[in-house]
1. May I ask you to derive the relative contact order of segment 37-126, considering only C-alpha pairs under 8 Å and at least 6 residues apart, and to give it as an integer percent?
2. Express in nm, to one decimal, how much length is gained between Ala112 and Val91 on full extension, taking 0.36 nm for each residue of separation and deducting their alpha carbon distance.
3. How much of the accessible area of the chain, probe 1.4 Å, is carbon plus sulfur, in whole percent?
4. Only helical DSSP H runs with n ≥ 4 go in: add -39500 (n - 2.57) per run for the chain, normalise by residue count and round the 222 nm mean residue ellipticity to 500 deg cm²/dmol.
5. State the extension gain, in nm to one decimal, for the chain segment bounded by Ala59 and Thr74, taking 0.36 nm per residue of separation less the distance between their alpha-carbons.
6. With +1 on each Lys and Arg Cβ and -1 on each Asp and Glu Cβ, and nothing else charged, work out how big the dipole of segment 67-157 is about its Cα centre, in Debye to the nearest 20.
7. Counting only complete DSSP H runs, which helices of the chain cover 18 Å or more along their long axis at the Cα atoms and score a mean Kyte-Doolittle of -0.5 or above?
8. Probe of 1.4 angstrom, ligands and nucleic acids ignored: what's the accessible area per residue over the chain, in square angstrom?
Amino acid sequence: MGNEASRAGTPERDHDAVRALYAQLLDRWNERDAPGYAALFHEEGHVVGFDGSEMHGPAEIEATIGKIFADHMTALYVGKVRDVRRLTPGVALLRAVVGMTPREQAQLNPAANAVQSVLATEQGGQWRVAFFQNTPAQYHGRPELAEALTEELQALL
């Protein structure tokens, strides 16, 4: 009975591993490390970016993110994990909110606030991103929610 559970770890260890994976994802972005960012994804990993762009697999993720880094001085992420749920042993869903600060500034750009979701899976003791979605947190018609999120994320800086 214990083989699958021991292979995937306890729910607490899985939560910690998925939080660490997500922290690495934000760190690789902040470091402008496209190969390191892409290496966090499964071979069949998938990204839906802030603008709706889709990327499939580490090679395409690396190429696309590398072009973004080459063409733009990307802002830095600050994030807060809202929830991690172990769906089954070896499969977890992480939900987070993020803001971005232009480099060498201390104020968030509220227009870049987003809600992020990561579906992570564990294989052979290694957690990887299977699916990542980055959705703008615009809260149409509810400016108080947008302001509250900005304040919450700004407090993390």
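The values are calculated or read from the model by the stated rules, or taken from the named source; none is laboratory data. No experiment lies behind these values; they were computed from the predicted model shown. Heads up, the Cβs are rebuilt from the backbone with ideal geometry, glycines too, and the neighbour counts pull from every protein chain shown. Only protein heavy atoms, including side chains, enter the accessible area calculation; ligands, DNA and RNA are left aside. Shrake-Rupley method; radii C 1.70, N 1.55, O 1.52, S 1.80 Å.
1. Over segment 37-126, the number comes to 19 percent.
2. Additional length available on full extension: 4.7 nm.
3. Within the chain, the accessible surface is 52 percent carbon and sulfur.
4. -11500 deg cm²/dmol, from helical runs alone.
5. Going from the current span to full extension adds 3.4 nm.
6. 360
7. Membrane-span-like by this criterion, though nothing is claimed about a membrane: 57-71.
8. With all protein chains present, the chain gives 55 Å² per residue.
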